[in-house]
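For reference, the structure is listed below as structure tokens.
The values are calculated or read from the model by the stated rules, or taken from the named source; none is laboratory data. Owing to the predicted nature of the structure, the values given are computational and were not obtained by experimental measurement. Note that each Cβ is placed from the backbone with ideal geometry, even for glycine, and that neighbours are counted across all protein chains shown. Please note that ligands, DNA and RNA were not included when accessible areas were found on the heavy atoms of the full protein model with its side chains. Shrake-Rupley method; radii C 1.70, N 1.55, O 1.52, S 1.80 Å.
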Amino acid sequence: MAGQSFVRKSLLVLLVLHNVSSDFATEMCSNTILPGSKGDPGDVGDRGDEGRQGKTGPSGHRGPCDVTGLPGDTGEKGAAGRVGKLGLAGERGEKGERGIVGPPGLKGKSGTTCDCGRYRKVVGQMDVNIGKLKSAVAFVKHVVLGIKETEEKSYLLPREALRYRDAVANCRLRGGVLAVAENTNATALLAGYVAEAGLTHALVNMLPLEAGGDPTAGVSHGNATGDGPQGAISSGCLQMGSDGTLSWTECDAIKYFICEFPKK
């Protein structure tokens, strides 16, 4: 019993010495860092960037309540859009092949001799009449006022002013002559025509000497001769005033004029 007690005491002493030596060795030679006390919690960090979107998953199965509706009615046709710009012209195509020659026509009947002289005469006279009609229409379009008429003659005052020679030729081309103050009634009519047109004077013709006219009657000045163009005199050409007075004027002066046409 005494021996066992000794052994137990010896083991207990050895165990104590082993623990002491282990603690001493740990304190002297160990490199292990012992954890400290728990620190305070840190601040919350900033929110990170949004991550990449994941792949789209497969479509789900059709549920039992998903029923496809009936197709709707077709809508009305929309209005036509604006026509686009015309494109460039295409290249010219190749020339086609020549067609087959057709059969010859039937032989015509022999003609008859025709006397076309009278037809040419009728057609020629018709052309002359049409030309006169066109000239008359064009002339009437250029009349300042309406036509003045007497029992035997008609008078027109054109809208254009010309020299004396051109006025005489203008009236002749239209089938008339430059108006003549042959009597008191004609003088009054021509003077009224000039005044109604708002003019002071208009070129007229003088009565030929062989008809018994006096070219100096009612003229303020100048001497008349039989030389020169129709209506021309040595010191000028004749004009009618709005007051009915006849006077001389320069033949190169551009003035309005009056034409007369005999009634047929």
**Request:** Go through the stretch 156-165 residue by residue and turn each phi into a ³J(HN,Hα) via Karplus (6.51, -1.76, 1.60, θ = phi - 60°); whole Hz please, and just put x for glycine and proline.
**Result:** 9, 10, x, 7, 10, 9, 9, 6, 4, 4
**Message:** With +1 on the Cβ of every Lys and Arg and -1 on the Cβ of every Asp and Glu, and nothing else charged, how large is the dipole of the stretch 68-113 about its Cα centre, in debye rounded to the nearest 20?
**Reply:** 480
**Prompt:** Label residue 110 and residue 154 with points 7 Å out from Cα along Cα→Cβ: what is the distance between them in nm?
**Reply:** 5.4
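When ranked by the protection proxy of mean other Cβ atoms within 10 Å per residue, highest first, what sequence do the peptides 160-167, 242-249, 93-100 form?
Values: 160-167: 18.1, 242-249: 16.4, 93-100: 6.0.
Going by the mean number of other Cβ atoms within 10 Å, highest first, we get 160-167, 242-249, 93-100.
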**Prompt:** So how far apart, in nm, are the two label points at residue 195 and residue 79 if each is 7 Å from Cα heading toward Cβ?
**Reply:** 6.6
**Asked** Could you give the length gained on full extension between residue 243 and residue 263, defined as 0.36 nm per residue of separation minus the Cα-Cα distance, in nm?
**Response** 4.5 nm
**Message:** Quick check: residue separation of residue 127 and residue 91 times 0.36 nm, minus the Cα distance between them. What number comes out in nm?
**Reply:** 8.1 nm
**Accessible-area order (highest first, 1.4 angstrom probe) of the listed residues 240, 126, 206** = 126, 206, 240
**Request:** Take peptides 146-156, 47-57 and line them up by average Cβ neighbours within 10 Å, highest first, as a rough protection proxy.
**Result:** 146-156, 47-57
**Message:** Give the lysines whose C-alpha is closer than 21 Å to that of residue 263, dropping any in the same chain fewer than 8 places away, or say none.
**Reply:** 132, 134, 141, 148, 153
